[in-house]
Structures are given as C-alpha cells and as structure tokens.
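Comments concern the structure below.
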Amino acid sequence: MKALKLAVAEPSAILRCGIIAVLRRLPAPDVDILEIADISQLTAQLSRHRPDVLVVNPASLGFCTPQQLRAQTGCEGLRCIALQMAVTDAAMLNAYDDDVLSVYDPVETLREKIMQPVGDAPREERQEPLSAREREIVVCIVKGMTNKQIADALCISTHTVITHRRNIVAKLQIHSPAGLTIYAIVNKLVDLSDIRDTIAEI
C-alpha cells in the first residue's frame, strides 16, 4: 500500500511534535510526515512535497482558504484538516470541508480523521480562473477605488462593475478587500509598493 504523505504545519513545536508523536505510535499504514514550522514556507513546501493531507491551524493561514491553497500549490487533491486549538471563528472553519481536528479529540478520533482514505474525502470544486477584466477590477479594488472610479477608469458602467465583483466573489469565495489584497499579492496582480497606503488602511 502506498504510504500516506502527511504535512503538519504548526509554528508551536509542542503542538506539532505532539501530533506527530501520537501519529507515529498509532497502528496504521505507512505515513511519511512532513513538519512545517515556518508558515511563510507553507506554499513552497506543499508545492515541493505534494502531500495527501495537511493539518494546519486556520488562524495561521489568515485569509487564505484551503481552496486558494490548492490552487496556489497545484495540489488539487490535498485534504486540508483544520487544527482547532481554542474557540475558532465558525466562518473560518466552514472553509475546511474535509474535517476539523480539535487538540482535545481522543487519539482514536485523530487516527480516523487523518487516516481516512484520500479518495473518500469531499472535494471543493476547482477554482475557476478570473477573466482579464475581472483581474483588472481586482487590482482596482485593492487600490481602494470605488465602483464609480473603477467604471470611469475602465470605461464601463457601474452596473457592469458590480456584476464583475459578484462574479469575482463567486469564483474566489473572498468577501473582503483584505482577502482580495492577499490574493492579488500572492498571484502577482499588484506590487506591494503600489498598494502600501491601501494596506495601511485595512
């Protein structure tokens, strides 16, 4: 049987090593475990090692959702399990359709959630790419422009701008300017120097 490739991304050495130690004691199929202590290296590590399962604290990812993480790393089949350590925003946990793992869960629950066959996990639909016009509008939004300013700049109606914005939200599932700012930076739609003042206001 093919070994399960598992990544545990957690800055806290106590939590990260504790989870890994428990997993290594469980009677389970072979598991290759990748430790990720530096969250800033998460996307690079996932792209390089392409694990089957990721255990991560949603708070560490900020506005980045599992869907966006899959798109950024090319790991379309990645199961993302939220590591819940205390009271966590329900909206944040809702993005983790694969599972939520509490640090208070019994060992058997941890085994069942992590060792679930990869093919059995529900999957989010693949993120639909933005059109060239939608990317232009994202850049305008990130720069702090109003709908009217965007319409004037792109020579379209305000109604068309609103329609594009709805389509952007539907495709990306990002509902805030801060989230769009992170998306735009990660996907190199804008340069940090272009939006420094906007970031300061968020």
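Of the candidates Val161, Val139, Val186, the single residue that is touching a helix residue (DSSP H, G or I) at 6+ places or on another chain (Cβ under 7 Å), at pLDDT 75 or above, open to solvent by 60 Å² or more (accessible area, probe 1.4 Å) and β-branched (Val, Ile, Thr) is Val186.
Being part of a helix (DSSP H, G or I), without any contact (Cβ under 8 Å) to a residue 24 or more places away in the chain and of a type outside the set (Lys, Arg) is a property that holds for Gln41. Looking only at residues of region 58-87 that are at pLDDT 85 or above and polar (S, T, N, Q), we find that the one that is most open to solvent (accessible area, probe 1.4 Å) is Gln72.
The values are calculated or read from the model by the stated rules, or taken from the named source; none is laboratory data. In this text, all values refer to a predicted model and were calculated from it rather than measured experimentally. No Cβ is skipped: glycine too gets one built from the backbone with ideal geometry, and neighbour counts run over all protein chains shown. For the accessible areas, the whole protein counts, side chains as well, though only heavy atoms, and no ligand, DNA or RNA atoms are used. Shrake-Rupley method; radii C 1.70, N 1.55, O 1.52, S 1.80 Å.
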